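The values are calculated or read from the model by the stated rules, or taken from the named source; none is laboratory data. Everything quoted here is computed from the prediction, not taken from an experiment. Virtual Cβ from ideal backbone geometry, glycine too; neighbours counted across all protein chains shown. Side chains are part of the model used for accessible areas, which takes the heavy atoms of the whole protein and leaves out ligands, DNA and RNA. Shrake-Rupley method; radii C 1.70, N 1.55, O 1.52, S 1.80 Å.
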Amino acid sequence: YADIALYKAKNSGRNNWVFYQRDMGEKIVQRREMERELREAIQTDQLRLAWQPRYDVRAARVTAFEALVRWHHRQHGILMPDQFIPLAEETGLIGALSDWVLLRACADARRELPGMAVSVNLSAVEFSDKGLPKRILAALEASGLPSSRLEIEVTENAMLQDPDTTLEVMLAIKALGVKFLIDDFGTGYASLNYLRTFPFEGIKIDKSFIFPLSDSSQARQIVENMVGLGKAYSLSVTAEGVETVCQMEQLQQLECDGLQGYYIGKPQPLAQVVAQYGAVSAS
Ligand code: C2E
Ligand code: MG
Ligand code: MG
Ligand code: MG
């Protein structure tokens, strides 16, 4: 509605400009309110993690989980990350949010998911914080999770913002024994050079490349090339968004190392994941 008001304001008389101003004012008030609520949500444990399994093709079982954040809002119900991560990034709340996610994810994995790796998503903006390695170390120490079981997912955009600081911060985190995966691979704007420069262990092919797999040989060719690219750089290759058995079979033929998606398992609360996979991981 704000966009419609803006359009009208541009295209007609003075009166509409007044409406536009009032709309903008409301928007700013709403944003400030949401910022206040998000700060409170982080402090009062209104955030939750949903856990999505990742299937290891060679091991033929689930060996890792991705921790995805949700906001259980008192009035608005469950909010998805796309609805509040951008706000957290713009307001600087992302640091506190990530600290919560890191500690929760490490502690839950250590206590409830023995032997499983856990991956956490960090925003590109956070790699300009030279204190990030210490924050990650704090989560590892507080939880007792071995660093070899923690992975961090980051999109290509991280390499565009401040490459020098990002590289320095990533190397310090890698020195702790933590691994990096490139998230949403194929959708960013960074040059492929970063595959050599930055310390990644694997790529996660974005789901938009996996969805058309079943009915297009061109799509298959593209994914095959992405897998080849990953292998050429000695990176593990995971496919995101695997929704059908047909996609799963093709990806196994293409020698993907990891599979993730609704066909393998949807993101679920910890208790459900523990009931389903806990016994397996202990064996
Ligand atoms: P992502 O890291 O690429 O996570 C995968 C997203 O795809 C998740 O959405 C997941 O629910 C969804 N997904 C997984 N399998 C399938 C499938 O088979 N089909 C379809 N259609 N979707 C699938 P979600 O949970 O809404 O998360 C969206 C994005 O928000 C994530 O994308 C990640 O970039 C970001 N995010 C999530 N948690 C955090 C966090 O703690 N911190 C930060 N900074 N970002 C986060
Ligand atoms: Mg991810
Ligand atoms: Mg992704
Ligand atoms: Mg994403």
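Strictly over 19 Å apart at the Cα level, which of Lys179/Lys204; Lys130/Lys231; Lys130/Lys204; Lys134/Lys204 would you flag in this model?
Among Lys179/Lys204; Lys130/Lys231; Lys130/Lys204; Lys134/Lys204, the Cα-Cα distance tops 19 Å for Lys130/Lys231; Lys130/Lys204; Lys134/Lys204.
What would the Debye equation give as log₁₀ I(q)/I(0) for segment 155-283 at q = 0.10, 0.21 Å⁻¹, counting only Cα atoms as equal point scatterers?
-0.38, -1.19
Find, among the trypsin sites (Lys or Arg not before Pro) in segment 25-74, those assigned to loop by DSSP (not H, G, I, E, B) with at most 12 other beta-carbon atoms within 10 angstrom.
On the way: sites: Lys27, Arg31, Arg32, Arg36, Arg39, Arg48, Arg54, Arg58, Arg61, Arg70, Arg74; in loops: Arg58, Arg74.
Here the trypsin sites (Lys or Arg not before Pro) that fit, given the DSSP loop and packing criteria, are Arg58, Arg74.
Calculate the spin-label point distance for Ala60 paired with Asn225, positioning each point 7 Å from the Cα along the beta-carbon direction, and give it in nanometres.
3.4 nm
Would you kindly calculate the translational diffusion coefficient of the chain, applying Stokes-Einstein with the Kirkwood radius from alpha carbon pairs, for 10 °C and a viscosity of 1.306 mPa s, and quote it in µm² s⁻¹ without decimals? Can you show the working numbers first?
On the way: Rh = 20.5 Å.
In µm²/s, the coefficient is 77.
Can you give me the relative contact order of the chain as a percent, contacts being Cα pairs under 8 Å and 6 or more apart? Intermediate values should be presented prior to the final figure.
On the way: 443 pairs, mean separation 49.0, N = 283.
Worked out over the chain, it gives 17 percent.
Only Cα pairs within less than 10 Å get springs; with that Gaussian network setup on the chain, which residue of Ala107, Ala139, Ala175 has the largest fluctuation?
So, out of Ala107, Ala139, Ala175, the one fluctuating most is Ala175.
Of Tyr233, Tyr194, which has the most accessible area with a 1.4 Å probe, and how do the rest follow in descending order?
Numbers: Tyr233 75, Tyr194 10 Å².
So, going from the largest accessible area down, we get Tyr233, Tyr194.
Can you give the direction-averaged projected area of the convex hull of the alpha-carbon atoms in segment 47-96, in nm²? Let's see the in-between values first.
On the way: hull surface 18.5 nm².
The directionally averaged projection comes out at 4.6 nm².
On average over all directions, what projected area in square nanometres does segment 32-123 have, based on the convex hull of its Cα atoms? Can you show the working numbers first?
On the way: hull surface 25.8 nm².
Computed as one quarter of the Cα hull surface, the answer is 6.4 nm².
Simple spin-label model, 7 Å along Cα-to-Cβ: His76 to Arg36 in nm?
1.5 nm
Could you grab the relative contact order for segment 58-131? Cα pairs under 8 Å, six or more apart, rounded to a whole percent. Walk me through the numbers before you get to the answer.
Working: 55 pairs, mean separation 29.2, N = 74.
Across segment 58-131, relative contact order equals 39 percent.
Just the number, please: carbon plus sulfur as a percent of the accessible area of segment 218-283, 1.4 Å probe, no ligands or DNA/RNA counted.
On the way: 1710 of 3270 Å².
It is 52 percent, rounded to a whole number.
Kindly identify segment 174-240 as rounded, prolate or oblate by the Cα gyration tensor criterion: order the square roots of the eigenvalues as a ≥ b ≥ c, call it rounded if a/c is under 1.5, otherwise compare a/b with b/c, prolate if a/b is larger, else oblate. Can you show the working numbers first?
On the way: a/c = 2.23, a/b = 2.04, b/c = 1.09.
Verdict is prolate for segment 174-240.
Counting only Cα atoms, I'd like the Rg/Rh figure for segment 25-71, Kirkwood definition for Rh. Working shown, then result.
Values: Rg = 17.7 Å, Rh = 13.3 Å.
A ratio of 1.33.
Accessible area per residue of segment 32-71 at 1.4 Å probe, in Å²?
Accessible area per residue: 47 Å².
Using unit Cβ charges (K, R positive; D, E negative) and no other charged atoms, how large, in debye to the nearest 20, is the dipole of the chain about its Cα centre? The partial results should precede the final answer.
Details: 30 positive and 36 negative charges, 93 e Å.
With Lys and Arg at +1 and Asp and Glu at -1, about 440 debye.
On the accessible surface of segment 135-182, probed at 1.4 Å, how many percent belong to carbon and sulfur atoms?
After summing per-atom areas, the C and S share lands at 55 percent.
Springs between alpha-carbon pairs under 10 angstrom, Gaussian network model over the chain: which of Met226, Met248, Met34 fluctuates most?
Of Met226, Met248, Met34, the Gaussian network model singles out Met34 as fluctuating most.
May I have the extent of the alpha carbons of segment 77-166 along their three principal axes, as whole Å values ordered from largest to smallest?
For segment 77-166, the Cα extents along the three principal axes come out at 39, 35, 20 Å.
Averaged per residue, what accessible area in Å² does segment 85-206 show with a 1.4 Å probe, protein chains only? Write down the numbers at each step before the final one.
Values: 4870 Å² over 122 residues.
Normalised by residue count, the accessible surface of segment 85-206 is 40 Å².
What nm distance separates the two modelled labels at Gln253 and Ser148, each placed 7 Å from Cα along Cα→Cβ?
3.6 nm
Ignoring any ligand, DNA or RNA, what whole percent of the accessible area of segment 41-114 comes from carbon and sulfur when the probe is 1.4 angstrom? The partial results should precede the final answer.
Values: 1630 of 3410 Å².
C and S fraction of accessible area: 48 percent.
Express in whole angstrom the spacing between the alpha-carbon centres of segment 208-282 and segment 148-200.
Each part reduced to its Cα centre gives a spacing of 21 Å.
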